[in-house]
1. Kindly establish whether B:ARG208 is basic (Lys, Arg), open to solvent by 50 Å² or more (accessible area, probe 1.4 Å), at pLDDT 95 or above and under 26 Å from B:ASP53 (Cα atoms).
2. Kindly indicate whether B:GLY35 is facing chain A (nearest Cβ under 8 Å) and out of contact with any Pro (no Cβ under 8 Å at 6 or more places or on another chain).
3. Go through the residues of region A:310-323 one by one and say whether even a single one is farther than 30 Å from A:VAL176 by Cα, open to solvent by less than 60 Å² (accessible area, probe 1.4 Å) and outside any loop (DSSP other than H, G, I, E, B).
4. Answer with yes or no whether A:THR612 is touching a helix residue (DSSP H, G or I) at 6+ places or on another chain (Cβ under 9 Å) and farther than 22 Å from A:SER535 by Cβ.
5. Starting from region A:804-825, take each residue that is within 14 Å of chain B (Cβ to nearest Cβ) and farther than 20 Å from A:SER121 by Cα and list its partners that are among the hydroxyl-bearing types (Ser, Thr, Tyr) and open to solvent by less than 40 Å² (accessible area, probe 1.4 Å), counting only C-beta distances under 9 angstrom and pairs at least six apart or across chains.
6. Could you list all residues from region A:262-287 that are touching a helix residue (DSSP H, G or I) at 6+ places or on another chain (Cβ under 8 Å), surrounded by 14 or more Cβ atoms within 10 Å (Cβ to Cβ) and aromatic (Phe, Trp, Tyr)?
7. Kindly indicate the residue of region B:241-299 that is among the aliphatic types (A, V, I, L, M) and touching a Leu at 6+ places or on another chain (Cβ under 7 Å) and also nearest to the other protein chains (Cβ to nearest Cβ) among those meeting that condition.
8. Can you go through B:ILE71, B:ILE110 and tell me which one is over 17 Å from B:PHE193 (Cα atoms) and β-branched (Val, Ile, Thr)?
Amino acid sequence: MKLFFTLFLTLLIYATLSAQQVNVSGTVSDAQTNEPLIGVAITVLPGKIGTVTDINGNFSLPTGDSLVLRYVGYAELRMAITRRNLRLQMEPTAAELTEVVVIGYGSQSRRDVTGSVVSVSGKDLEKKPITRIENALQGQAAGVQVTQYSGKPGNTMSIRVRGATSLSAGNEPLYVVDGVPILNTEGLNPADISSIEVLKDASASAIYGARAANGVVLITTKRGTAGRSTISFASSAGISQVTRQLDMLNTADYIALINESYTNSGQQPRLNPEDYTVYNTNWQDEIYRDAATSNHQLSAQGGSENSRYFLSINRQNQDGIVRESGYKRTGVRFNFSSDLRKNIAVGSNFNLSNVRFAAVPDNSRVNQGGVILGALSSPPLIGIYNEDGTYTTNPLQSWENPVANIEAPIDNVNTNRVVGNVFLDLGLLKNLKFKTSFGIEAYNNKNDYFLDPFRTQFGRSLQGIGTVSTNQELIWLSENTLTYQRQFKQHHITVLGGVTAQESRYEGTFARAEGFPNGTVTSLNAGSRKIEASSFASQWALFSYLGRASYKFNEKYLVDVNFRADGSSRFGANHRYSYFPSASVGWRISEEGFMRGVKAINDMKLRVSVGTNGNQNIGDFASYGLYATGSNYNLNGVILPGTRPSSIGNADLRWETTSQWNAGIDLTIADYRLNFTADIYQKNTRDLLINVDLPQSTGFSSGIQNLGAIRNSGVELAVRSKNVIRPKFNWSTNFNISANRNEVENIGGPDKIIFAGNIPESGFSVIVQEGLPLGAFYGFVNQGVNPENGDLVFADLNADGVVNDDDRRVIGDPNPDFIAGFGNNISWGNFELDVLFQAVYGNDVLNATRIETEAMNSVKNGSAETLTRWRNPGDITRMPRAVFGDPNRNARISDRFIEDGSYLRLRNITLTYNLPAVAQKRMRLQQAALFVSGQNIWTLTNYSGYDPEVNRDGGSSTSQGIDYGTYPQARLFTGGIRFDF
Amino acid sequence: MNKLIYISGLTLVLFAGGCAKEFLDREPISELTEGNFFKTRADAEAALVAAYDALQSEYYIFDRFINGDVIADNCYAGGDNPNNFQLDEFKVTPINQNVERDWRYLYEGISRASAVLDNVANMTSSDLSEARKQEILGEAAALRAMHYFQLVNLWGGVPLVLKKVNSTDPREVNLPRASVQEVYNAIITDLEFALSRVSASYPQGEQRITIAAVHAMLAKAFAHQPTPNWSQVLVHTTAITDNLTYQLTNTFDQLWDGQNENSRESIFEVQYIGGTNEANWGPQLWLPPNLTGDNWRKFNTPSNNLIAAFDAAGDVVRKNSSITFRSNLPWSDPKFPSGSIPFPFKQRLANGWSSPNNFILLRLADVILLQAEAKNEQNDLDGARTDLNSIRTRVNLPATNASNKDEMRDAIMLERRLELAFEGHRWFDLKRSGKAVAAMNAINSNYQVDENKLLWPIPQTEMDRNPNLVQNSGY
């Protein structure tokens, strides 16, 4: 490696020293946006000496009489050379092709991109009541599946770029904000975003090597524009609601159900209807609410000749549709850059944020205090409070009612985060640039939990519980790169080389106290019994070399070669480094002579890439055999410290490696109005880091190993079209559709099985096995209700005369057949309408909520569907009998609970009214707009639960599409204003 | 000037390369590793403490009482947990969560003990005396035997893992089941290893594994193995009963009143300190609401059959010490139509999930009754009668009227039931007596107990993970 860099640097030195004398120089920018244009071909007449502009739009040439500037998508520009320093502007003809695409450690013109990169504009994000950056990608990018698996405001989402590659090392992409790789996007303000680029194939992402197997999301925040200062204020407010309620039994029907279920199990009826004449509580009404949401943005941007700035403050407040839950974000951004000298620029990007969550327990059943299942399972025959102010419980089983589980605990998470960097650009020589940047991501996070000492049983039994946990992490990153850019005649070369080092130190504390005198003082000092106090720390480091060479010949032939060598502290000394190369080629056929006559095609490019990436997202010390402290025991009244084995070591642990090829075509036709991008790819991941379940007889539950392979393959199509371009009427459409097929190729033999997705009392619902897609549902096959006895009949698949666990098979697949997005932007006079539809098709959902509401095996309330249950011999129905204890295990995991999770959703609709120019002028505004927006207001689906976009297990790779009392999705309506001064 | 920049740039790159190795060497901060643990005596002691800590797992706090008394005829499941109902009603399936977790808890305990045995033996630290080293090894071996004793009684033959597992290699981890006798042989080997190493007592009255505890465990192992070795039972019980250190407490209630923990009758007792992380959360699960501060239906409800057995024996003392009755409860129990519901009363303080109550795993009365049984089986009827009567006398019961070997066997078994109720022994005793099937079916014909149901199924999760396991018949 050292040798490589020595050679590389030597080459750079020689190349640079032979550079020519400068006579005429200048910058080229877009006449409309003032953005610098990269790679504009400039020829000096006479003599035909040429060059191209660099990434800042700069050029320099020996002087002559006049210049010819050519740039695809822009009108040709000819002008006489009148000065030695020129500032030139070109008029765009087709903006898409010339847009600057941010790539890892640099940027490229869209037409020069040879990898698979999707760009999503940050335009108008302040008008949408979204809380996270990931929302901005929903339905916008082919091959990128964004699953908002919980309706909790501000909750994390799951992003899959071209499918899941890993079982246990994570499947979320790497997020990079203004060059700083970050742990997650929490705290970033969507309205600060200028653009988002998703690097999908190995060529585009290999420069991020060890962390790029799941793709890379590059987030670029807004920057000031020289010469135009704007103060912008946007404010919106609205309301969110649960999209629907589920029908549950009323008091009379509940009593009948319970008594029948006891009678059927050979016991006495438990409830006398005459005792319960007062209440018929709809618990869903008691937990859901119309929740307020508001979002305020204030920003200032601008700049002078030498410096540019963007400042913003924002405050977003989104109450949850479940009472007492909510999300608040307050943030400040400061982006700045300045040219100190002609060849020296410095700058910084910083974001400070505070995010507060108020949580309510979900994804668990009433037995564990889950609020959503609590609302469904709690009987309607009780009120909310007892006379003494305590909460009512199920009279047959003292489960707390859901209001208790909302009101009695206080569960707040408060996170402060800073993400940013400072950088220095140094023009060493005409073609050689050095960039050094120092970035940090730091957060501290505190979770306060308090359970009132009086109102709930659990709280009373411990006289109140208080816990405090804190986490803090500091990650710093030093990056140093050299970029060399040069044109020799028609050869255009860009070479980048760099070294980066990154280090993290993580610390956490936890404390718990019990025995509180009252619910007034909730901090731990009030607890009489200090139960636990602990702290812990961890660390990791990453050291990398990276390089890229891009070569372009005559605007036609494009070659990119990327390389990254990553060393990670997480792996044993033998396998610490791994190398991630990639290469891609592009051929702009439309530039060929034989295409000159084909007027129908404005631009056409073929792209092919191949390369490898890695995944290192495992425990910091997974390769060690570890002993954990805290297994204490007391002898003679003295508590002694105990240390137990906690994990099995694996010195041979190494990286997960994902190899990917991609072939694509970019096609622009119809006078630049219709743009197609199509890609086909295959990703093969091997050496999966699997926390392999071990026989528990080892004393361990699992051990981490490199084992097995997963394959993803798919096709993607994106179409951008300008349907109507008129002075007062514009209509453009974005459409994308993609299909990914996922297959587990190897996890250690055809008989090897990994189970996941455990549903309490019903067992595992997911099987991972060779030949199956990740997350396949597994269970029994329901053949219907036996009219004789009311029990379900399950298929004896192996025909051995008994129905047991060997009669389970794959009963569903949570992976969609395809996903699609369809966005339209229509402007008509002063009105502008944005409509985005999003579709997911062919995925199954395990509606495990129904296991709770249709099991009829305990004293939980049942859904209205249970009214169709079997009651008497001869009844023909699909709903089995109610019987306490469920001896036949009717509620076992079976295809009875698998549902089609396909949906078509109106994800966003925003109508904007821009004040007429006259009015704006009168009010001394640059721009003023009123807007109304709706999110998630219409969904077409056959799914019977709250919402098919759901997962109890969050971003888990193995268990997906499980609905188990998950916080439902909300429908949001907002309205607001925006002024630019 | 430019050259200077290049040279410094070059140096930066090369320097960074040289440092990279150190930069990437990161050791755990909050955990120990195979490489830096087991260096000093304190390490050895800490590993042993963790092995003792396994006795505070949910298995020994709660599940052992379900398995010992609920499955048997002493208790109903109570509570709300279908897993417990399955156990109570002999409807266990391989996905029963208790079955699954108990397997895990016990083997985790075994792993902790094996970590001590494998590593401490090779330690050469100067601060670890040879005598203490041998004691540590002995204590760990006895703890391992205790877990295997539970395993073999619940599942029959189980995989014998006698080394700490340090590899994920399937050949090392996918062990087949050993036979029942092989497991007992391993238990006896561990205990005999321990017998020559542990102390008769420890300084400051520390309740570690003592010689007497090992003798008691050996006696139980020889009594419970498929073909009991009564002469060995007698050897090991006599070793304790001859030792005047151990005496029955004056009154039966002293064992449970919380004032006399670690009494002279106690041979091995799991230690707790209330209100700390070392507290016992078990009593909250079965004590009545006025002692727990909550109002949900409690677990392990004493059975009518047991109450009748106390009453039939005229055993007022032990009934009153073992069971407490409450009326006007927030729930009704069809098994007790009068509304007066019984609760186990051998751990009496709930203290908000944070009880100071120890619980006794081995005590002299158990050993004396085993001794009586060994004498009876070896046709020493008088010896057996003397032992049995020594237990009865304390609780104001008359001398036994058993007049032959069979009657004496039944009398001892009944005595064990009443003496040791809610202490987690009943089910294993019933099974070794050969009377479990008949006894359970007599109580409730719906149980339909057969020989197969006397053993649990291997947990489905374990079957899924280890292809070399064969399921118990009937599951």
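The values are calculated or read from the model by the stated rules, or taken from the named source; none is laboratory data. Not measured: the values here are computed from a predicted model. Every residue, glycine as well, gets a Cβ built from its backbone with ideal geometry; the counts of neighbours run over all protein chains shown. SASA here: full protein model, heavy atoms, side chains in, ligands and nucleic acids out. Shrake-Rupley method; radii C 1.70, N 1.55, O 1.52, S 1.80 Å.
1. Here the answer is no, as B:ARG208 does not meet what is asked.
2. Yes.
3. Yes, the conditions are met somewhere in region A:310-323.
4. Yes; evaluated as a whole, the condition is true for this residue.
5. A:ASN804/B:THR93; A:ASP805/B:THR93; A:ARG808/A:TYR778; A:ARG808/A:SER894
6. Hits for region A:262-287 are A:TYR276, A:TRP283.
7. By that ranking, first place goes to B:VAL270.
8. So the residue among B:ILE71, B:ILE110 that is over 17 Å from B:PHE193 (Cα atoms) and β-branched (Val, Ile, Thr) is B:ILE71.
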